[in-house]
Amino acid sequence: MRKITILIFTIIGLSLSYLNPLISHAKSPLLPTLEMGESLQTLIVQATAKLNDTLTEDQRLNAPNSQSPPTTPPRRADFLSQASSQVIGKGSKLSVNGRTLTVPWQQLKVGNSVRTLIGDGGIQQGLGVNLLSTGNLNRQPIEWFSNPQTTPIILASQLSGAYRYLDITDLAKVAGWQLQVEGDTLGLSSILTQVTNITTIPDESGFQILVDLNRPTPWQVSDERTSGVITLDSLANPSLIEKFKDKPPEQIEQGEEDAAPVAVVESKNQPTVRVEGSENQTIIKVDIPEGLRLQVFSLPNPYRLVIDLHPDNMVEKDIVWAPGIHWHQRYVNLEKERFPVVWLEVNPRAAGVILRPMWSNPTTQVGTAPLIQTSQLWQASAAINAGFFNRNTQMPLGAIRRDGKWFSGPILNRGAIAWTDNGKFKIGNLSLSETLITSNSESLPILLLNSGYVQSGISRYTSEWGPSYTTMTDNEVIIAVANNQIITQESAGITGKDVFAIPTNGYLLTLRGNETTTFANSLGIGTRVQIESNTVPAEFNNYPHILGAGPLLLQNRQLVLDAKAEKFSDAFAQQLAIRSTIGTTPSGTLIIAAIHNRAGGKGPSLTETAQLMEQMGAIDSLNFDGGSSTGLYLGGSLLNRSPATAARVHNSLGIFRPILP
C-alpha cells in the first residue's frame with residue numbers, strides 16, 4: 001500500500017504526461033514502474049489527460065502578449081476545410097534554420113486563411129517528427145515533444161500528386177516557428193533553445209542518452225548503422241561540450257614487430273558519445289555498438305530528446321497512406337528470431353494506382369542513382385529497388401519490360417514478376433528465346449537482348465538500350481540492321497573504346513567469342529533478316545510489365561527456393577543479408593518489403609526470407625537485389641534506412657498515384 005501511495009504522489013508531482021511516453025518505450029531505465037492494476041493506471045491517465053487539456057487551454061487564454069508563444073504543442077491541429085482551396089505557392093526545398101533539404105511544400109488559401117503544408121517525409125527528415133499509426137486518410141497523428149497516448153498532435157493530411165502533405169500551420173504557431181517563402185524554398189526559423197544537460201544511462205541490453213532542453217526544437221538524425229549524428233537547433237554550454245569532447249586515443253608501448261601504433265580504444269560494446277557546438281547548433285555523434293540499433297524520440301515535461309540504442313529499436317506502426325497504399329512496420333518472428341520488417345501493401349486495383357518499372361536514367365540503360373533520386377525523377381509515390389546490375393559497368397543483369405518493350409532481357413532463367421494494368425500478376429522463372437532468320441534460311445540463336453550480361457555468341461541491342469552501344473569485350477563485330485536489312489558490319493577493338501549508334505528503325509547485333517567469324521560470314525551487308533521472339537514460358541508474353549531478379553522464394557505457398565538452378569553462387573545462396581522482396585497475396589494485393597537484420601544479429605537467409613514473406617501473407621514471392629541496395633521509398637523519403645547507408649541502384653519498381661511519366 002505504501003508503494004502505491006508513494007507512486008501516486010510521484011505521478012502527481014511529475015505529471016503523467018511525462019511518465020506515460022516513457023512507458024511506451026518499455027526499455028527506458030528512467031521509469032518508475034507502475035505496480036498497480038491496469039484499470040487504475042487507465043483512470044489516472046484519463047483524469048490527468050483531461051486536467052492537462054484544461055490547464056493548457058487556460059494558459060493559452062491567459063498568456064501575455066509577448067514574443068514567446070506557449071511551449072505546449074497543440075493537441076489537435078485544425079483540419080483542412082472541405083471547401084474549395086487554392087494553391088498560392090509551392091516548391092521543392094525546405095530550409096530549417098538555414099539547412100536546406102529537398103522537401104515538397106504547398107501553401108493553400110482556404111477561405112480567409114493561408115495554410116502551409118509540407119510532405120510527410122520532410123516533416124520526419126527535417127523536424128524530427130514521428131508519424132504514428134492511423135487508419136484515417138485525412139488525419140495524421142504525430143509525436144513531437146508530446147504524449148502520443150493521451151494527447152497526440154493530429155495534423156490534417158492531403159494527397160497531391162506523388163506526395164502526401166501535412167498541414168503544419170497550427171503546429172508552427174504554437175512552436176514559435178516563422179515561415180517565409182522565397183521562390184522555390186519554404187524557410188522555417190525556430191526559436192533558439194538551450195541544451196541544459198546530457199546524461200548517459202546503460203541497462204542490460206543497451207543504452208540511452210538523454211538530452212534535456214528548455215523547449216521543443218527541430219532535430220535531425222543521420223543513421224549510418226555504425227554511427228549516428230543527431231543535430232539539434234540548440235545551444236549547449238561550453239562546459240557540457242567539454243564533458244563530451246572527442247579525446248584522442250591513448251597509445252600503448254609497441255613491440256618491434258608492430259608495423260603501426262595500436263590505439264587503446266573503448267570497448268565496442270560501449271557507445272562513444274561526442275558533443276560539438278556549431279553556430280546555433282548542437283551536434284551529438286554516437287558510435288553504435290555492434291548488434292544495436294539507433295532510435296531517437298522526444299518527450300514532453302520536461303522537454304527531452306532520447307537517443308536510444310537497443311537491439312530491437314524499430315517503432316511499429318500501420319499507416320493508411322493513400323487509397324491502395326498501406327505502410328506497415330512490425331517485427332515478424334521466426335521461432336526465437338525477431339526481424340524488423342518495413343513493407344507496403346499495395347492494392348493494384350485501387351483507383352489511380354499504377355505500377356511500372358523505373359531505372360536511373362530514362363534515356364539509357366547505363367547508370368545508377370539513389371532510389372530517392374530515381375523515384376523523384378519519375379514522380380513515383382512509392383518504390384522499391386528491384387533487379388541486379390553490374391556495379392562497375394552500371395548495366396542491368398535481368399529482365400526489365402515496360403509497356404511491352406524490352407529495355408533489358410532476362411538472363412539465366414532467373415525469377416521474375418510480371419503484371420498487367422488490371423492487377424494480374426505472375427511470378428516464375430523466365431527466359432527469352434530469340435532467333436535471327438536470314439534470307440538464306442539460316443537460323444542463328446540470339447542469346448541476350450539489351451543486357452549487361454556477357455556471353456560468347458550473338459547479342460542484340462535496340463533503341464530501348466539507349467542511343468548507342470559501347471563495346472563490352474575485345475574484338476567484337478558490330479552489325480547494324482535497319483528496316484530488317486543489314487546495312488553495316490564493323491570490327492571493334494579494345495573493350496570500351498568503340499561506340500556505335502543504334503538505328504532507331506532497327507538494332508545492333510554484337511558478335512562475341514570464338515564463333516565471331518562464322519557468324520559474320522553469314523551476315524553480310526545487304527542480307528535481309530527477321531527476328532522471332534518469345535518468352536519461356538509463353539504465358540509471360542501476355543504481360544506488358546516485367547522485372548527480373550531472383551531467386552524465386554514461394555509459389556502457391558510452397559517453398560521453391562533453388563538458387564543454384566538460377567545460377568547464383570554458393571556464397572550468395574548462403575549469406576545472411578538485408579533483403580528486398582516482393583510477393584502477392586490471396587486477395588490480390590502486392591507486398592513490397594525491406595527485411596533488416598534480426599534483433600542482435602544479421603539479416604535473414606533466403607529460406608528465412610521466404611518464411612517471413614509467407615507469414616506476412618504472401619502466396620507467391622520473389623527475392624530482389626538486397627544488402628546495401630535494399631531501399632523502400634514512400635512520399636519523398638526512405639522508410640527503412642538512412643539515405644547515407646543506401647547504395648545507388650539501377651532499376652526499381654515504381655508505384656504511381658496518380659502521376660505517370
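The values are calculated or read from the model by the stated rules, or taken from the named source; none is laboratory data. Fair warning: this is a prediction, and the values are worked out from it, not measured in the lab. Positions of Cβ are generated from backbone atoms using ideal geometry, with glycine treated the same way; all protein chains shown enter the neighbour counts. Surface accessibility is based on the protein's heavy atoms, side chains included, excluding ligands, DNA and RNA. Shrake-Rupley method; radii C 1.70, N 1.55, O 1.52, S 1.80 Å.
A few points about this structure:
- Oblate is the label for segment 195-241, because the ratio a/c of its alpha-carbon gyration tensor axes (a ≥ b ≥ c) is 1.5 or higher and a/b is not greater than b/c.
- Relative contact order [Cα under 8 Å, 6+ residues apart], segment 378-479, whole percent: 20
- On the basis of the beta-carbon distance and an R0 of 60 Å, Thr517 and Asn214 show a calculated FRET efficiency of 0.15.
- Rounded accessible area per residue of segment 509-661, 1.4 Å, Å²: 38
- Residues Ser239 and Thr393, FRET efficiency given R0 of 56 Å [Cβ-Cβ distance, rounded to 0.05]: 0.55
- Our summary gives segment 329-449 a relative contact order of 14 percent, counting only alpha carbon pairs under 8 angstrom and 6 or more residues apart.
- Accessible surface, segment 303-462, averaged per residue in Å² (probe 1.4 Å): 34
- Average Cα contact separation per residue, segment 299-359, under 8 Å, 6 or more apart, as relative contact order %: 23
- Amide proton proximity set for Gly398, modelled H, under 5 Å, gap of 5+: Gly452
- Inter-site label distance for Val536 and Lys564 at 7 Å from Cα along Cβ, in nm: 2.1
- Distance between segment 384-454 and segment 526-558 - C-alpha centres, whole angstrom: 7
- Taking label points 7 Å from Cα along the Cα-to-Cβ direction, Asp287 and Thr196 give a separation of 3.2 nm.
- Rounded to the nearest 20, the size of the Cβ-charge dipole of segment 439-501 about its Cα centre is 80 debye, with Lys and Arg at +1 and Asp and Glu at -1.
- Couplings for segment 485-496, taken from phi via the Karplus curve 6.51 cos²θ - 1.76 cosθ + 1.60 with θ = phi - 60°, read 9, 6, 10, 8, 9, 9, 9, 9, x, 6, 3, x Hz in order; Gly and Pro are left as x.
- Take the Cβ atoms of Lys173 and Ser441, set R0 to 60 Å, and the FRET efficiency comes out at 0.15.
- Note on Gln180 and Lys424: the model spin-label points, each 7 Å out from Cα along the C-beta direction, lie 5.9 nm apart.
- Accessible surface of segment 426-585 [probe 1.4 Å, protein heavy atoms]: carbon and sulfur percent: 45
- Checking every one of the trypsin sites (Lys or Arg not before Pro) in segment 416-523 against DSSP loop status and a limit of 16 other Cβ atoms within 10 Å picks out Lys424, Lys497.
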